[in-house]
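The structure appears below as structure tokens.
The values are calculated or read from the model by the stated rules, or taken from the named source; none is laboratory data. What you are looking at is a predicted structure, and each value in this text was computed from that prediction instead of being measured. A quick note on method: Cβ atoms are made from the backbone with ideal geometry, for glycine too, and the neighbour counts reach across all protein chains shown.
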Amino acid sequence: MMQTGAHILVLSAHDSHLDRRIVAEANALAASGRHVTLLSVPTGLAPEGLDGRIRLIVAKSDQSECVSPAKRAARRLPAPLRTLAQAAWYRWGAGPSPYNTGYFRRNAPAERFDAIHCHDLKTLPAGSEIRAASCRAAKLIYDSHELFPFQSASRAFQRYWMRIERRHIAQADLVITVNESIASELARLYGVTKPHVLYNSYGAGGAWEAVAKEAFLRHFHAQGREPRILFQGGLAAGRNLANLVRAFGRLEGRARLFLLGAGPKEAALRRICGRARIGAVHFGPWVEQSRLLSFVAAAHLGVIPYLGDRILNNRYCTPNKLFEFIEAGVPVCGSDLPELRRIIRGFGVGEVYPMRTPDQIAAALSDCLSRRESGKFTKEASGAARAELSWSKQAERFLRWYGQLGV
């Protein structure tokens, strides 16, 4: 049975923003009557939508407290040298975990907690240490947002993080992850019971409606009547975005691409468009989480072009944007990866295709648009997917697992 008013310490090392999954889970715990303390490293964006009952602790300190001097120096190197430095960094076993652990140990409140909820592998060693030092009876929950050691193709990176994960995952009283494939991999890699699956369903509340076409186009400084294809999220490496952009040089006015977000690859993507004279690609800045679905719903099609041949974490991805498209009722054109196939094709909310080249992406988008225009993706299928994958249903399961732990 759940303890009435159980005290939960939640740890987050997401320094770019407070992830939507973290906010949704913390809100669910607070709404259930539990007392939630969220301890986060300094974040770049405000924790929008966080329940007012949650005690938020973000230490007023320089971000460098969570990063070693050597790593700060490496970040100033040119990209090729930075890659070599990272490989050496992990080969020597000097990864960032000790710095995060010190940050959380210094800033955790000196009080008894009934459970310590660790979001992603960077916080798990800290959660283990806090429990051992000050609340040995607390339940340890490991919430794995991804197949963390396999975010990189570097064997040194993988070995370093696998050692940490193997050391601590067996100590957890509850392991949660984001999809079936990653749950199976964690069980196989470490010989643990298969983790529970909690999807990254859209957990933000409040009413919304699609922005008008004119407002959508204005956000991107764009014009045109062609179907609007949306990619939202970080414009980062490893997301096949260069091929996605080049595909629109082959679509000959069939559609326009709207990239909603920002990131380190934005300048390179703009250069590709300029050199190839691709005028059907438009860039727009981030919007607040509360407005995101309004923009998503104004698209005709959402695209997820990720590849999974080099990075296992990409192969097994179920990114937030998948659930945002589903919540907004926008059909999804995705890469033929195991979990994307399971959800997109399984629920009939889009289609999956090979997306290794610009030509394949262009063909995929053309086919998916034709299917949409012919009524292949129905409102009934979209509604059934929303109902099954809704955050309200996910939250019920999440709280039930907590109750089974007695907290």
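A quick yes/no check of all residues on (1) crowded, with 23+ Cβ neighbours inside 10 Å; (2) within 30 Å of I141 (Cβ to Cβ); (3) not assigned by TED's automatic domain parsing to the domain that holds L257:
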| residue | (1), (2), (3) |
| --- | --- |
| I326 | yes, yes, no |
| P331 | yes, no, no |
| V352 | no, no, no |
| R356 | no, no, no |
| R371 | no, no, no |
| A385 | yes, yes, no |
Q. When A237 is evaluated against the numbered criteria (1) surrounded by 20 or more Cβ atoms within 10 Å (Cβ to Cβ); (2) more than 16 Å from S366 (Cα to Cα), which criterion, by number, is the only one it fails?
A. (1)
Q. Out of curiosity, is V197 closer than 30 Å to Y402 by Cα and either without any contact (Cβ under 8 Å) to a residue 60 or more places away in the chain or of a type outside the set (S, T, Y) (or both)?
A. yes
Q | Tally, over the stretch 249-268, of residues that are within 26 Å of the chain's Cα centre (by Cα) and surrounded by 20 or more Cβ atoms within 10 Å (Cβ to Cβ) | A | 5
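Here is a yes/no grid of residues against (1) more than 24 Å from the chain's Cα centre (by Cα); (2) farther than 30 Å from V407 by Cα; (3) modelled with pLDDT of 95 or more:
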site: R72; (1), (2), (3): yes, yes, no
site: R75; (1), (2), (3): no, yes, no
site: Y90; (1), (2), (3): no, yes, no
site: G93; (1), (2), (3): yes, yes, no
site: S97; (1), (2), (3): no, no, no
site: I116; (1), (2), (3): no, no, yes
Q: Report, by residue number, each residue of the stretch 218-233 that is in contact (Cβ under 8 Å) with a residue 40 or more places away in the chain and either part of a loop (DSSP other than H, G, I, E, B) or hydrophobic (A, V, I, L, M, F, W, C) (or both).
A: F220, H221, A222, G224, E226, P227, I229, L230, F231, G233
Q. Residues in the stretch 180-226 that are among the aromatic types (F, W, Y) and more than 21 Å from the chain's Cα centre (by Cα): how many?
A. 4
Q | Enumeration of residues in the stretch 116-138 that are small (G, A, S), in contact with a helix residue (DSSP H, G or I) (Cβ under 9 Å, 6 or more places away or on another chain) and not in a loop (DSSP other than H, G, I, E, B) | A | A126, G127, S128, A133
Q: Could you list, in sequence order, all residues of the stretch 234-262 that are on the phi < 0 side of the Ramachandran plot, outside any strand (DSSP E or B), in contact with a Phe, Trp or Tyr (Cβ under 7 Å, 6 or more places away or on another chain) and free of Cβ contacts under 8 Å to residues at least 40 places away in the same chain?
A: A262
Q.
Out of everything in the stretch 166-183 that is small (G, A, S) and surrounded by 19 or more Cβ atoms within 10 Å (Cβ to Cβ), what residue ends up being farthest from T123 (Cα to Cα)?
A. S181
Q.
Residue pairs, Cβ under 6 Å, 6 or more apart or interchain, first in the stretch 392-405 and more than 18 Å from N200 (Cβ to Cβ), second at pLDDT below 95. List them.
A. G403/M2
Q) Is it true that some residue in the stretch 44-62 is at pLDDT 95 or above and on the phi > 0 side of the Ramachandran plot? A) no
